[in-house]
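Participant: Below you'll find the structure I mean.
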Amino acid sequence: MITIYERGYEDFSTMGLGQLLPTSCVVHEEQGGAYELELEHPMDEEGRYSLITPGCVLRVPAPSRPTPLVTTGGLADREIYTANEKINIYSKATTSMGTTITSTTPSLDLTSIKPGVVAVRGYTDVGGTTTTTKWVSNGNRIVGTISAGAELIAVDKSNPSFYLATTRAGVSGYVQVSKITYSKTESLEEQTIQARKTREQLFRIYRIEKDTDNLSVKAWARHVYYDLLGNVLVNCVSNSDAVSDALIEMTLNCTQTDHGFVFGTNDTTTTITADWSRKGMVEAQLDPDEGIAALANLRVIRDNYNVFFVKRSTTVRAPITYGRTLLGVRVDINEDAVVNRIVPVGKDANGDPLMIDAVYVDSPNNDDATMLRAKTIEYDVRVGDDYPTEADAKTELTTRANADFDAGIDQPEVTVNVDFLQLGDTKEYAQYKELDRLYLGDLIRVTDLVHGVDVEAEINEYDFDCLTEHYTSIAIGVTDSMRLIGSVSGFMIPDNAVSSTKIVGGVGNADTLDGYHAAYFATADHNHDSTYLKLTDVLSKTYPVGSIYMSNSSTSPATLFGGTWSAISSPPTGASYWWERTA
């Protein structure tokens with residue numbers, strides 16, 4: 001359901017102005033970037049389309065991972081409470097909401113309008129004033145309600161009157177302690193916080209377009225997180241602060257401290273040094289170079305008025321595998337932009353070019369057979385206060401060149417196009433449709449052992465159809481650690497869903513799958529048994545006995561992978577040939 005709320009309205013537990021019936025509604029989200037919605041609505045006879053105006057808020061279903069509130073709170077166990085009655089969930093620890101004011105503005109004299117100026121309906125062409133009622137927010141919103149007897153999980157009990165809590169459906173906020181009763185305690189391993197894979201998110205309309213030829217209205221909206229675009233940090237400096245402390249600095253040193261957003265993180269070790277003074281809060285958090293997410297290498301999760309900066313996902317599920325869910329994969333590797341030798345240049349005290357003694361820095365991946373591709377890169381390094389001597393400046397130039405190599409400047413770009421069965425859309429697998437869903441930041445492994453492709457990637461962008469509650473596209477980037485165990489929910493990804501990014505070198509990829517590389521598995525991030533990826537093990541891990549193999553090719557999986565397989569006569573729809581592994 002898609003509902004709309006008038007500008008300034010802050011009780012999102014209601015139906016607001018009512019339900020919209022759009023012909024299309026798509027959410028687009030990028031990791032640490034855009035989070036927007038595009039909606040198209042017919043000019044219906046009921047006049048619903050007239051509700052769609054700039055400043056209004058849309059509530060729509062969107063992919064929402066289980067709330068990170070519990071992990072960011074560092075809880076070992078969770079306390080479950082039940083509601084004594086129907087209660088509201090607030091974005092702040094108070095029941096106090098905003099107030100209304102009466103605003104009076106002069107009327108517009110249409111006789112004095114200059115050419116090209118549009119008169120807005122509601123003003124008059126005679127003397128007098130226009131009086132309107134406006135809502136003045138205090139930053140507190142009702143983000144949801146729970147009924148009597150419903151369960152919620154306490155996350156923070158430091159306030160004796162209001163607990164920060166999350167419901168089983170993932171709605172998070174503050175509840176009055178006097179209206180809930182302790183029920184039981186669960187360990188974190190017992191169950192997920194909530195089972196739902198989508199959750200209503202709020203988007204504020206910033207632009208509309210009315211098309212009288214096609215009798216439709218288009219609207220563009222940003223996630224309510226972008227309400228912070230108009231919030232400026234005054235004096236906000238972080239000197240080796242923890243991420244949580246840096247977020248508190250942002251909250252306390254902005255022009256609108258009553259914004260009502262709650263920031264959290266599960267990073268307890270990284271420290272931040274930055275000066276965000278006179279920058280917008282969104283820029284200070286999301287800037288790709290100087291934002292807090294980039295400086296701490298954190299992933300951003302925006303859940304209405306809760307914003308989390310969390311460490312990289314380590315979720316492990318099943319791979320998308322050729323012949324089972326994967327029908328084919330196309331990998332395009334482009335080395336045109338590769339730089340494996342950097343000539344770093346800074347400035348001396350006089351502003352003249354400064355180079356290091358060795359002239360250049362080579363990629364650690366270079367060897368005698370590497371075709372060298374050199375490039376001069378000018379860095380913002382100058383002899384002075386930060387680098388008192390030329391030796392200090394040269395050391396920094398070398399450090400920055402090596403940082404560019406760590407970031408993948410010496411690696412080719414890769415475009416991966418994936419085509420596989422969406423099992424959740426077939427009748428036979430309908431019961432599994434809601435078992436799992438991919439989220440931004442999850443890790444995916446795409447495996448085609450037959451044709452020598454094994455790529456792991458992190459989801460960094462998606463488009464989601466809010467009407468069908470399906471992804472229409474997912475963009476994936478190859479991860480820097482190249483872990484060989486990926487995160488996947490294959491039946492939710494459409495065809496051609498992987499876009500271009502950098503491949504990161506290493507020994508743990510496709511050309512080593514016929515054996516293993518002991519050095520790779522000896523690292524801290526890859527402490528699996530060293531025989532894990534031998535081909536003799538891949539079959540049992542990917543297709544245990546009882547697995548179903550589907551393909552449009554008549555080649556038996558016994559020929560491809562080994563094992564004993566029995567052909568299924570008169571297979572269901574979805575593929576031309578089906579086999580079941582029997583031994």
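None of the figures in this text is laboratory data; all of them are computed from the coordinates on show. All values derive from a computational prediction rather than experimental measurement. Every residue, glycine as well, gets a Cβ built from its backbone with ideal geometry; the counts of neighbours run over all protein chains shown.
Participant: Extension gain D392-N235, at 0.36 nm per residue separation less the Cα-Cα distance, in nm?
Facilitator: 53.6 nm
Participant: At 0.36 nm per residue, and after removing the present C-alpha to C-alpha distance, how many nm does the segment from E46 to D245 gain when stretched out fully?
Facilitator: That pair, E46 and D245, stretches by 66.6 nm at full extension.
Participant: Still on this structure, I have one more. Once amide H atoms are built 1.01 Å from N in the peptide plane, which residues 5 or more positions from Q31, or in another chain, come under 5 Å H to H?
Facilitator: Excluding prolines and chain starts, which carry no amide H, the hits are E461.
Participant: Quick one: if you stick a label point 7 Å off each Cα along the C-beta vector at A358 and M97, how many nm between them?
Facilitator: In this crude label model, A358 to M97 measures out at 6.5 nm.
Participant: Assigning unit charges at the beta carbon (Lys, Arg +1; Asp, Glu -1) and nothing else, what dipole magnitude in debye, to the nearest 20, does region 1-68 show about its Cα centre?
Facilitator: 200 debye
Participant: Below 15 angstrom from the Cβ of A93, what's the summed charge of the other residues (Lys, Arg +1; Asp, Glu -1)?
Facilitator: Surrounding charge for A93 is +2.
Participant: Equivalent-ellipsoid semi-axes (√(5λ), Cα gyration tensor) for region 231-310, whole Å, largest first?
Facilitator: 17, 15, 11
Participant: To continue, here is another question. On a full-extension model of 0.36 nm per residue, what is the gain between T82 and Q256, subtracting their alpha-carbon distance, rounded to one decimal in nm?
Facilitator: 59.2 nm
Participant: How would you rank R312, R278, R204, going from fewest to most other Cβ atoms within 10 Å of each one's own Cβ?
Facilitator: By the 10 Å Cβ count, ascending, the order reads R278, R312, R204.
Participant: Let me ask another. Say each of H470 and D406 gets a label point 7 Å from the Cα, pointing the same way as Cα to Cβ; how far apart are those two points in nm?
Facilitator: The answer from the label model is 4.3 nm.
Participant: Set the Förster radius R0 to 41 Å, insert the Cβ-Cβ distance between W135 and S183 as r into 1/(1 + (r/R0)^6), and round the FRET efficiency to 0.05.
Facilitator: Rounded to the nearest 0.05, the efficiency is 0.65.
Participant: Further question on the same structure: Which distance in nm do the two modelled labels at R312 and T582 give, with both placed 7 Å along the Cα-to-Cβ direction?
Facilitator: Once both label points are built, they end up 4.5 nm from each other.
Participant: Beyond 29 Å between alpha-carbons counts as too far, so tell me which of K157/K311; K92/K184; K279/K375; K134/K218; K92/K311; K218/K279 fall in that bin.
Facilitator: Listed pairs above 29 Å: K279/K375; K218/K279.
Participant: Kindly state, to the nearest 0.05, the FRET efficiency for E151 paired with M1, given R0 = 25 Å and r defined as their beta-carbon distance.
Facilitator: After rounding to 0.05, the efficiency reads 0.60.
Participant: Counting alpha carbon pairs within less than 8 Å and at least 6 residues apart, what relative contact order, in whole percent, applies to region 231-310?
Facilitator: 34 percent
Participant: How high is the FRET efficiency from D211 to S277, r the C-beta distance, R0 51 Å, rounded to 0.05?
Facilitator: Between D211 and S277 the formula returns 0.70.
Participant: Considering amide H positions built from the backbone, and no H for Pro or chain starts, which residues 5 or more places from I180, or on another chain, come under 5 Å of its amide H?
Facilitator: Here N84 satisfy the definition.
Participant: Sort M281, M15, M250, M43 by Cβ crowding within 10 Å, fewest neighbours at the top.
Facilitator: M15, M43, M250, M281
Participant: Okay, moving on. Arrange the following residues from fewest to most other Cβ atoms within 10 Å of their Cβ: K218, K157, K394.
Facilitator: By the 10 Å Cβ count, ascending: K157, K218, K394.
Participant: Let me check against my output: what whole-number percent is the relative contact order of region 339-406, with C-alpha pairs under 8 Å and at least 6 apart?
Facilitator: 41 percent
Participant: If eta is 0.890 mPa s and T is 25 °C, what Stokes-Einstein diffusion coefficient results for region 339-406, Kirkwood Rh from Cα pairs, in µm²/s?
Facilitator: Translational D for this selection: 201 µm²/s.
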